[in-house]
Amino acid sequence: MSHADCIFCKIIEGKIPSKKVHEDEEFLAFHDINPAAPVHFLVIPKRHIESMQTLAPEDGPLLGRMMSLIPRLASEQGCRPGPEGGFRLIANSGKEGGQEVGHLHFHVLGGPRPWKI
């Protein structure tokens with residue numbers, strides 16, 4: 001798939017609408033269109049990276065910034081901190097790993113249970 005065909009690249013470019021949670025120069029976060037939990041949003045880098053399998057050593061700082069952004073966004077979206085709260089972070093990688101869109105993304109899920117995924 002070329003970057004021109006990537007649905008997440010089209011969302012970043014504004015060609016496909018999304019319900020944004022956060023946007024800055026490096027990342028976009030938006031609500032999942034088929035939520036599996038009361039809080040369910042995706043966080044993606046604006047730079048096209050195919051998957052966890054294609055990360056390079058030089059992507060480490062970007063990934064670190066992404067990981068430090070996610071807890072703040074989870075809290076802002078209603079995930080409670082501490083042992084009674086929390087959230088689940090999921091990154092599928094490759095076809096056999098269940099990745100449906102070929103652009104690195106993390107699902108952030110949380111909120112009161114029961115919910116399953």
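What follows is calculated from the coordinates using simple rules that are stated; it is not laboratory data. Treat the numbers as computed from the prediction; the structure is a model and nothing was measured. Here Cβ is always computed from backbone atoms with ideal geometry, including for glycine, and neighbour counts include all displayed protein chains.
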Practice task
Give me the distance between the Cα centres of the range 7-57 and the range 65-97, rounded to whole Å.
Solution key: 13 Å
Handout entry: GluC sites (Glu not before Pro) within the range 52-117, DSSP loop, no more than 12 other Cβ atoms inside 10 Å
Key = Glu84, Glu100
Practice task
Sort by residue number and report every cysteine in the chain with no other cysteine beta carbon within a distance under 4.7 Å.
Solution key: Cys79
Practice task
Compute the signed sum of charges (Lys and Arg +1, Asp and Glu -1) over the other residues within less than 13 Å, Cβ to Cβ, of Cys6.
Solution key: 0
Practice task
Kindly give the semi-axes, whole Å and largest first, of the ellipsoid equivalent to the range 38-86, taking each as the square root of 5 times a Cα gyration tensor eigenvalue.
Solution key: 25, 12, 9
Practice task
Please list, in chain and number order, the residues 5+ apart from Phe27 or on another chain whose amide H is under 5 Å from its amide H, with Hs placed from the backbone.
Solution key: Lys46
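For the range 3-94, what does the relative contact order come out to in percent, with C-alpha contacts under 8 Å and a separation of six or more?
It comes to 20 percent, rounded to a whole number.
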Practice task
Loop sites only, by DSSP: take the trypsin sites (Lys or Arg not before Pro) in the chain that have at most 10 other C-beta atoms within 10 Å and name the longest stretch containing none of them.
Solution key: 20-115
Practice task
Taking the chain as the reference, fit the longest principal axis to its C-alpha atoms, fit the long axis of helix 60-76 to the helix C-alpha atoms, and give the angle between the two in degrees, 0 to 90, nearest 10.
Solution key: 40 degrees
Handout entry: Computed FRET value (nearest 0.05) for Glu13 with Trp115, which takes r as the C-beta separation and R₀ as 25 Å
Key = 0.20
